[in-house]
Structures are given as structure tokens and as C-alpha cells.
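Below: the structure, in C-alpha cells.
The values are calculated or read from the model by the stated rules, or taken from the named source; none is laboratory data. None of these values were measured; they are calculated from a predicted model. Methodologically, a virtual Cβ is constructed for each residue, glycine included, from the backbone with ideal geometry; neighbour enumeration extends over all protein chains shown. Just so you know, the surface numbers come from the protein's heavy atoms only, side chains and all, with ligands and any DNA or RNA stripped out. Shrake-Rupley method; radii C 1.70, N 1.55, O 1.52, S 1.80 Å.
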Amino acid sequence: MDKNLSLYKNVWVFAEQRQGKITPVVIELLGEGRKLADEIGVELCAILLGKDVKGMAEEVISYGAEKVYVADSELLENFTTDAYTKVITDAINEIKPEIMLLGATHIGRDLAPRISSRVNTGLTADCTKLEIDPEDKKIKQTRPAFGGNIMATIICPNNRPQMSTVRPGVMDKAVKDVTRKGEIISLNVRLTVADIRTKVMEVVKSKKEMISLTDANIIISGGLGLGKAEGFEMLSKLADKLGGVVGASRAAVDAGWIDHSHQVGQTGTTVKPNLYIACGISGAIQHLAGMQSSDLIIAINKNSTAPIFDVADCGIVGDIYDVIPMLTEELNNV
Ligand code: FAD
């Protein structure tokens with residue numbers, strides 16, 4: 001990091017892409033980045049890595065980036081931590097952005113701490129609010145701490161860039177305008193095969209279940225109380241029996257047990273089914289925000305004081321691994 005902080009300019013967004021598609025959080029980052037850039041009076045830029053990504057660079061411009069730095073190389077075709085970290089670190093050291101935003105996606109969470117460590121700056125992970133301090137123009141980064149019980153506002157006083165990962169689904173999206181003009185700048189990719197310690201053998205597309213939580217009449221949702229990804233298989237069996245779909249709490253999604261498309265709540269989907277069965281979900285306010293208008297709520301939790309029971313029409317105090325198989329078995333006999 002250069003000690004002369006005034007050399008650092010502009011807001012950068014990491015334009016994460018997968019298999020030729022910009023990830024949705026990038027559009028949110030460009031929306032938020034635009035506000036920050038305007039408040040400081042600087043440019044909104046993006047950095048895009050991959051192979052043959054020019055079309056995507058134009059898309060990023062249509063969402064408001066004034067400059068897109070593009071690293072195009074066969075070695076960047078698939079995401080690898082080593083390659084992406086090196087290229088972005090080189091670009092930051094060379095061009096010196098003042099603010100760098102990444103989505104708190106699997107890739108963003110993997111990359112951001114490595115990059116911040118290499119460029120010797122701070123990182124605020126999982127931000128839900130970003131604002132510019134009107135006095136010193138530094139970015140105030142807010143994120144939930146202690147399990148969401150307090151909101152911590154963090155600044156990065158003496159290092160640059162000020163880096164944040166931003167939680168998907170929280171910020172407003174940028175509006176697309178294909179008439180926008182911007183500059184595409186090619187980066188000099190200094191990367192060799194020897195820099196990359198992992199090799200992508202095969203890319204397997206996820207067999208994502210086509211679910212529509214919003215249209216479902218019956219939702220069986222699982223939370224951290226399931227304890228493992230396999231618990232969702234048990235819920236799936238029950239959902240199949242009842243003709244419903246599987247939902248999840250954010251904690252279960254964050255644990256990597258189920259895809260984000262199943263998440264119910266403030267930063268997931270808001271649902272109003274005829275029947276909502278909450279299994280091993282504590283009933284945090286952000287979860288309740290997405291399901292408490294359901295017609296009939298059944299909660300299964302081994303803690304009788306769990307807040308989910310406050311909104312439940314019917315509560316079962318017990319272990320999900322006892323209750324759900326019993327319920328499924330009963331339905332088999334119907
Ligand atoms: P926990 O709170 O850990 O609860 C697990 C529950 O399982 C406990 O009540 C425990 O008693 C019970 N349990 C454990 N083992 C068993 C067992 N064997 N049998 C029965 N019960 C068991 N959360 C969401 O869900 N959706 C959102 O959209 C969302 N958005 C958020 C947005 C923001 C800005 C923030 C700050 C937070 C958000 N959260 C959201 C997170 C939310 O605050 C909670 O952290 C989350 O909902 C907790 O998930 P959980 O209930 O699965 O886990």
C-alpha cells in the first residue's frame with residue numbers, strides 16, 4: 001500500500017461473473033457504488049476478469065460503470081483463488097482505487113480477505129449499509145455483529161483501498177441503460193500457470209431444484225437446528241409427501257447446506273403459504289419478516305423459549321430428528 005492516501009481515487013466494483021453471466025449482486029454493487037462515487041465526486045469503475053468478457057464489460061457499463069478494467073486470459077476462464085487474487089492485487093497496486101466493493105458471495109468471501117491482506121488494508125465483511133461521512137468523505141461500513149444483535153459501523157482510517165464485501169439482496173439495484181457510454185481498459189495480465197496452485201478439472205452445473213417459494217401453498221423450512229446439510233433431505237421427503245417445497249433460514253443458507261434461492265426472510269423471499277413448518281429455526285426478526293403472515297405456522301424446536309413459538313399457531317417442543325420422521329411416517333399411513 002502506498003502511504004500517500006491521496007493517490008487513491010474512484011470507487012471500484014468487482015464485477016463477479018460465472019459462466020459468462022454477471023452475478024446479480026454486481027448490479028446491486030453498481031447501484032450502491034454510484035451513490036458513493038457521486039457523494040465523493042469520483043468515478044465509478046468495475047474490474048472484470050475472465051475469458052472473452054468484452055460483452056459483459058458493456059453490460060457493466062450499461063449499469064453505470066464509467067470505466068471497466070478488463071483482465072482477459074485463458075487462465076482466468078474459471079475462477080481460481082490464486083489467479084483472481086493476483087490479478088486484482090496487481091490492479092489495485094497499480095491503479096489505486098479509493099473504495100473496493102465485492103459481493104459477499106462464495107467467490108467474494110474467498111477473494112476479499114486475501115486481496116486486503118496482500119495490499120495491506122482493512123476489510124469489512126458482509127456489510128448491509130454503506131454511507132459516506134460528509135465531513136471526511138470516508139466510507140462508513142455497517143454490518144451486523146454478535147449474531148445480528150448489534151449493528152457495527154466500521155471505518156478504515158489509514159489504509160487504502162477501503163474494502164467491503166456487501167451482502168447480496170440488501171442494496172438497491174442499478175438501473176440498466178444501454179445508451180450509457182464507458183471506457184473498457186485492458187489490464188496487462190501478469191500470470192503464469194505456475195501462479196495457480198489449483199486446477200479446475202470439470203465444471204458441474206448444479207441441478208437446482210426449480211422452486212417458487214412465493215407460489216407454494218406449503219413450505220417446510222429448515223434452520224441451523226438441522227445441524228447438517230443432510231437434514232434438508234429429510235425435510236424434502238416431508239415436503240414431497242405434502243406437495244410442498246423446502247425453505248430455509250439464512251443461517252442454514254450461510255452454512256452452505258442449501259441454495260440461497262430457498263431463503264425465507266428479510267434478505268430472502270417473503271412468503272405467505274397456507275402452511276409454514278419451521279424446523280429448528282429460532283425465529284429471528286429477519287426470518288419472521290418473511291413468513292409471519294403465513295396462514296398456519298407450525299414450529300418445531302427443542303428450546304421451548306425460542307421466539308418462533310410467539311408467532312406459531314402450533315408449537316412442538318422436541319428434536320426435529322424425532323418429530324419429522326414420525327410425521328412423515330404418519331403421512332405414509334394416511
Ligand atoms: P439459530 O438462530 O441458530 O436457531 C437454531 C434453532 O434451532 C434454535 O432455536 C435451537 O433451539 C434449534 N435447534 C437446535 N437443534 C435442534 C434440534 N435438533 N431440534 C429442534 N430444534 C433445534 N435470517 C433469515 O432466516 N432470513 C433472512 O432473510 C435474514 N436476513 C437477515 C438480514 C440481516 C440484515 C441480518 C442482520 C440478519 C438476517 N438474518 C436472516 C439472520 C437472522 O438474524 C438469524 O441469524 C437467522 O434467521 C437464524 O437462523 P436459524 O433460526 O436457522 O438459526
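Restrict the check to segment 153-161 and report whether at least one residue is within 14 Å of the ligand (Cβ to nearest atom), at pLDDT 95 or above and under 30 Å from Thr89 (Cβ atoms). Yes: one or more hits. Of all the criteria given as (1) open to solvent by 10 Å² or more (accessible area, probe 1.4 Å); (2) at pLDDT 95 or above; (3) of a type outside the set (Gly, Ala, Ser); (4) within 27 Å of Arg18 (Cα to Cα), the one not satisfied by Leu111 is (1).
Every condition in (1) surrounded by fewer than 16 Cβ atoms within 10 Å (Cβ to Cβ); (2) within 20 Å of the chain's Cα centre (by Cα) is met by Lys181 except one, and the failing one is (2). Looking only at residues of segment 133-152 that are more than 15 Å from Val11 (Cα to Cα) and in a strand (DSSP E or B), we find that the one that is nearest to the ligand (Cβ to nearest atom) is Pro144. If the condition is being polar (S, T, N, Q), in a helix (DSSP H, G or I) and open to solvent by less than 20 Å² (accessible area, probe 1.4 Å), then segment 52-101 contributes Ser62, Thr85, Thr89.
Please determine, by comparing only the residues of segment 1-34 that are free of Cβ contacts under 8 Å to residues at least 60 places away in the same chain and charged (D, E, K, R), which one is surrounded by the most Cβ atoms within 10 Å (Cβ to Cβ).
Applying the first criterion (free of Cβ contacts under 8 Å to residues at least 60 places away in the same chain) to segment 1-34 yields 3-4, 6, 15, 17, 20-22.
Still in the running and charged (D, E, K, R): 3, 21.
Working: Lys3: 8, Lys21: 11.
The selected residue is Lys21.
When Glu28 is tested against (1) under 22 Å from the mean Cα position of the chain (by Cα); (2) within 21 Å of Thr85 (Cα to Cα); (3) not hydrophobic (A, V, I, L, M, F, W, C), exactly one condition is not met: (2). In summary, helices (runs of 4 or more DSSP H) completely within segment 280-334 and bearing 2 or more residues that are more than 9 Å from the ligand (Cβ to nearest atom) occur at 308-311, 320-332.
Which of the residues that make up segment 253-276 are in a strand (DSSP E or B) and in contact with a Leu (Cβ under 8 Å, 6 or more places away or on another chain)? It would help to see each step written out before you state the result.
Of segment 253-276, the ones in a strand (DSSP E or B) are 263-264, 269, 275-276.
Scanning segment 253-276 gives Val264, Thr269, Leu275, Tyr276.
The residue pairs whose first member lies in segment 102-120 and is farther than 21 Å from Asp254 by Cβ, whose second member is surrounded by fewer than 16 Cβ atoms within 10 Å (Cβ to Cβ), and whose beta carbons are closer than 9 Å, counting only pairs six or more residues apart or on different chains, are Arg118/Asn93; Val119/Asn93. Criterion applied to Ser293, Ser282, Ser304 was being out of contact with any Gly (no Cβ under 9 Å at 6 or more places or on another chain), open to solvent by 60 Å² or more (accessible area, probe 1.4 Å) and hydroxyl-bearing (Ser, Thr, Tyr), and the one residue passing it is Ser293.
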